[in-house]
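*Asks:* Supplied in structure tokens, the structure appears directly below.
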Ligand code: ATP
């Protein structure tokens, strides 16, 4: 078990500083997801934890100990990458065992460990197969098993599911959540996919341009975004936002928080428009409603309107978000 702490960490590549004075506490045993757009510094944080690319200044602590000068192999962390390196000529068993070869573990112990870990990740029936005969998800599990065999206190994962097809990705998300529950180790998972972050994390660390925007549970990130960036980053489709007056302030509401009606209602915010497009997604329909000033996306669970139909968008007061010119959320009264 291990917590991870960044203390005033700065990371520069040559004369470009990508992270500056960052403080972050990643709790022991939690599933923490670092999420944010491409280039925001997620992988850089992960590599600093692993010791692959040490920080320029500040300290990284694992389990309360400063590991700034500790070699990667001595940090008790295991890395699982997007392009997981598994050896094509070795069987699944040999691939998993490979991680142990240097650790002077007896043959019997090795066999036992490989078997119990294979069972944990659902590979018991595949131990004698070659990776080329496995599916993408099974290969990903071999990579996980190989990391697990070293019994690391910390698992670091960098977009491990991004090479899998959409269906398998959803399946592996559930498997990772279950694996985390079983192992109880600290998981730090990097992704740019907010759905992945929302569905797996105990804690989301949302980053943009090297800075932490918000660090909270998925529920809090969704319900109580503390700035415009966070509000727009999570949710499918994202929050509708629009300028409010001329002073740089803005307001927003989620596509599922609005009602569409054919005549005016007494909703706190009303906006008259016309349905421009209709995306039928099965259980829900997304309407794009355009008026004089704004176009909003509205998510409905019934498909009641046609393209070109005039409608009213109605939003209750408690579903509206307001942001100042500094893009910070103006707290609800
Ligand atoms: P992505 O989702 O695209 O992988 P990321 O959030 O993981 O992005 P990083 O890989 O951490 O982003 O990169 C953060 C910033 O640091 C980027 O601007 C990137 O160009 C820069 N950077 C990363 N590694 C290096 C390097 N070795 N040399 C120079 N700049 C680098």
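*Asks:* Somewhere in the stretch 61-71, is a residue within 16 Å of the ligand (Cβ to nearest atom) and over 24 Å from residue 173 (Cα atoms)? Walk me through how you get there before you give the answer.
*Replies:* Filtering the stretch 61-71 down to residues within 16 Å of the ligand (Cβ to nearest atom) leaves none.
No, the stretch 61-71 contains no residue that is within 16 Å of the ligand (Cβ to nearest atom) and over 24 Å from residue 173 (Cα atoms).
*Asks:* Within the stretch 1-18, can you find the residues that are within 8 Å of the ligand (Cβ to nearest atom) and under 20 Å from residue 214 (Cβ atoms)?
*Replies:* 18
Residue by residue, here is whether (1) more than 19 Å from residue 26 (Cβ to Cβ); (2) touching a helix residue (DSSP H, G or I) at 6+ places or on another chain (Cβ under 8 Å) holds:
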site: 176; (1), (2): no, yes
site: 188; (1), (2): no, yes
site: 200; (1), (2): no, yes
site: 207; (1), (2): no, yes
site: 211; (1), (2): no, no
site: 235; (1), (2): yes, yes
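*Asks:* Look through 45, 34, 22 and report the one residue that is assigned to a helix (DSSP H, G or I), crowded, with 16+ Cβ neighbours inside 10 Å and either over 14 Å from the mean Cα position of the chain (by Cα) or within 12 Å of the ligand (Cβ to nearest atom) (or both).
*Replies:* Unique residue meeting the criteria: 45.
*Asks:* Kindly provide the set of residues from the stretch 226-258 that are in contact with a strand residue (DSSP E or B) (Cβ under 6 Å, 6 or more places away or on another chain), more than 23 Å from residue 301 (Cβ to Cβ) and part of a loop (DSSP other than H, G, I, E, B), ordered by number.
*Replies:* 226, 244
*Asks:* Just wondering, is there one or more residues in the stretch 75-84 that are under 21 Å from residue 213 (Cα atoms), assigned by TED's automatic domain parsing to the domain that holds residue 173, touching a strand residue (DSSP E or B) at 6+ places or on another chain (Cβ under 9 Å) and surrounded by fewer than 19 Cβ atoms within 10 Å (Cβ to Cβ)?
*Replies:* no
*Asks:* Then there's this: Looking at (1) touching a residue at least 24 places away in the same chain (Cβ under 8 Å); (2) on the phi < 0 side of the Ramachandran plot, can you tell me which one residue 248 breaks?
*Replies:* Here residue 248 clears every test but (2).
*Asks:* Is it the case that residue 190 is within 16 Å of the ligand (Cβ to nearest atom) and within 16 Å of the chain's Cα centre (by Cα)?
*Replies:* So residue 190 passes the test.
*Asks:* All but one of (1) outside any strand (DSSP E or B); (2) in contact with a strand residue (DSSP E or B) (Cβ under 9 Å, 6 or more places away or on another chain) hold for residue 287; which doesn't?
*Replies:* (1)
*Asks:* Which of the residues spanning the stretch 268-284 are under 14 Å from residue 303 (Cβ atoms) and assigned to a loop (DSSP other than H, G, I, E, B)?
*Replies:* Selection gives 281, 282, 283, 284.
The values are calculated or read from the model by the stated rules, or taken from the named source; none is laboratory data. Every value quoted in this text rests on a predicted model; they were computed, and no experiment measured them. FYI the Cβ positions are ideal-geometry reconstructions off the backbone, even for glycines, and counts take in every protein chain you see.
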